[in-house]
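The structure appears below as structure tokens.
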Amino acid sequence: MKILISNDDGYQAPGIVALYEALKDVAEVEVIAPEQNNSAKSNALTLNSPMYVNRASNGFRYINGTPADCVHIALTGLLGYRPDLVVSGINNGANMGDDTIYSGTVGAAMEGYLFGVPAIAFSQVEKNWGELDAAARTARELVLKMSQQKLIGTSPWLLNVNIPNLPFEQLGHVKLCRLGRRHAAESVITQTSPRGETMYWIGAAGPALDEAEGTDFHATAQGHIAMTPLKVDLTDHDRLGYWAQTAARLRQGDHSGS
Ligand code: MN
């Protein structure tokens, strides 16, 4: 088994080092990750500046690009082979509910999925690297079991996994979840720069809005490991019928066309 590891916190983050250590004897593992923190970069690709690949003393390769850049470059030439699995993380903080849209951790995994490779994004719920060993062991056991059950190397899938910061023995079982929702983010933070200009800082993510039973928020609050299968098709399939009627009405009122 060949595994490509990336993340969005940068190649020096404790989470990616722990993930590599946990998986290095499970498979042939390569790490290709951003040089800098790229949290909240989603699926962004760098199109207007050159990128360079460097190798750190521990063998990790790093790129002055985004998480998706790293996986994209790896899969389109740098690796020279197709990995069986892309694993992203372990992220410093939750990627639940709406976070998944912004997450660079999920973005790296999604890039693998878009290229037809099964992919998992791992995140710790709290942002302090607490109980990182337990999260790494969770990732290792999940990958091992998936490999034993021949889930890896088949058709592509994309899993989002959030792990509470708990000792391994206190972690609940893996619970299959849907994404919850968050409230809108908190207000933007403004400060005055030394030159008298107003600086804007994006505010913190909002608290949970939908944390009902069945969501990732609910599962992790109960100490469970939340696992959510993701897809990329953003079409609102449930409302296609409604929009078909609406589109028909819009056409009726359109006298500018043919
Ligand atoms: Mn991050």
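The values are calculated or read from the model by the stated rules, or taken from the named source; none is laboratory data. All figures in this text were calculated on a predicted structure; none of them were measured in a lab. As a convention, Cβ positions derive from the backbone with ideal geometry for all residues, glycine included, and neighbour counts pool all protein chains shown. These area figures cover heavy atoms from the full protein model, side chains too; ligands, DNA and RNA do not enter into them. Shrake-Rupley method; radii C 1.70, N 1.55, O 1.52, S 1.80 Å.
Which ³J(HN,Hα) values in Hz, rounded to whole numbers, follow from the phi angles of segment 76-88 under the Karplus curve 6.51 cos²θ - 1.76 cosθ + 1.60, where θ = phi - 60° and Gly and Pro get x? Result, ordered by residue: 9, x, 5, 6, x, 8, 9, x, 7, 7, 10, 10, 10 Hz.
Charge dipole of segment 1-140 (Cα centre as origin; +1 on each Lys and Arg Cβ, -1 on each Asp and Glu Cβ, all else neutral): 280 debye, rounded to the nearest 20.
In order along segment 180-186, the Karplus-derived 3J(HN,Hα) couplings, from 6.51 cos²θ - 1.76 cosθ + 1.60 at θ = phi - 60°, round to x, 10, 10, 5, 4, 4, 5 Hz, and Gly and Pro are given as x.
Placing +1 on each Lys and Arg Cβ and -1 on each Asp and Glu Cβ, with no other charges, gives segment 52-201 a dipole about its Cα centre of roughly 320 debye. For the chain, the membrane-span-like helix rule (DSSP H, alpha carbon extent of at least 20 Å along the helix axis, mean Kyte-Doolittle at least -1.0) picks out 132-148; this says nothing about an actual membrane.
Between K127 and Q245, the simple spin-label model (points 7 angstrom out along Cα→Cβ) gives 4.4 nm.
Between R137 and T192, the simple spin-label model (points 7 angstrom out along Cα→Cβ) gives 5.3 nm.
Note on segment 165-258: with neighbouring protein chains present and a 1.4 Å probe, carbon and sulfur make up 54 percent of its accessible heavy-atom surface. Which residue, chosen from P156, I202, L230, occupies the Cα position most advanced towards the positive end of the dipole of segment 126-232, where the dipole is computed from +1 (Lys, Arg) and -1 (Asp, Glu) charges on Cβ about the Cα centre? Final value for the positive-end residue is P156. Legend: calculated FRET efficiency, Q36 to H237, from the Cβ-Cβ distance at R0 = 25 Å, rounded to 0.05, equals 0.10. Per residue, the chain exposes an accessible area of 53 Å² to a 1.4 Å probe, with every protein chain left in place. About its Cα centre, the dipole of the chain is roughly 500 debye, where the only charges are +1 on Lys and Arg Cβ and -1 on Asp and Glu Cβ.
Think of segment 1-89 as a dipole: +1 on every Lys or Arg Cβ, -1 on every Asp or Glu Cβ, centred on the Cα centre; then among Y62, Y11, N37, Y62 lies furthest on the positive end.
What the Cα atoms of segment 165-258 give is an Rg and a Dmax of 22.2, 68 Å.
Computed from phi, the 3J(HN,Hα) profile of segment 42-57 under the Karplus parametrisation 6.51, -1.76, 1.60 (θ = phi - 60°) reads 6, 9, 4, 10, 8, 10, 10, 8, x, 10, 10, 10, 10, 10, 7, 5 Hz, with x in place of Gly and Pro.
In whole percent, how big is the carbon plus sulfur part of the accessible area of segment 112-151, probe 1.4 Å, protein atoms only? It is 47 percent, rounded to a whole number.
Taken over the alpha carbons of segment 3-146 as equal point scatterers, the Debye sum produces base-10 log I(q)/I(0) values at 0.13 Å⁻¹ of -0.47. Pairwise Cα distances in segment 121-164 exceed 15 Å for 47 percent of all pairs. Ellipsoid semi-axes for the chain, based on the Cα gyration tensor and the rule √(5λ), read 31, 24, 23 Å when sorted largest first. Pop a pseudo-label 7 angstrom from the Cα along the beta-carbon direction at both S57 and A212 and give the gap in nm to one decimal. Spacing of the two 7 Å Cα→Cβ label points: 5.4 nm. Note on segment 87-173: Cα convex hull, mean projected area over all directions, 5.5 nm².
Every helix of 4 or more DSSP H residues in the chain counts as -39500 (n - 2.57), and over all residues that averages to -7500 deg cm²/dmol at 222 nm.
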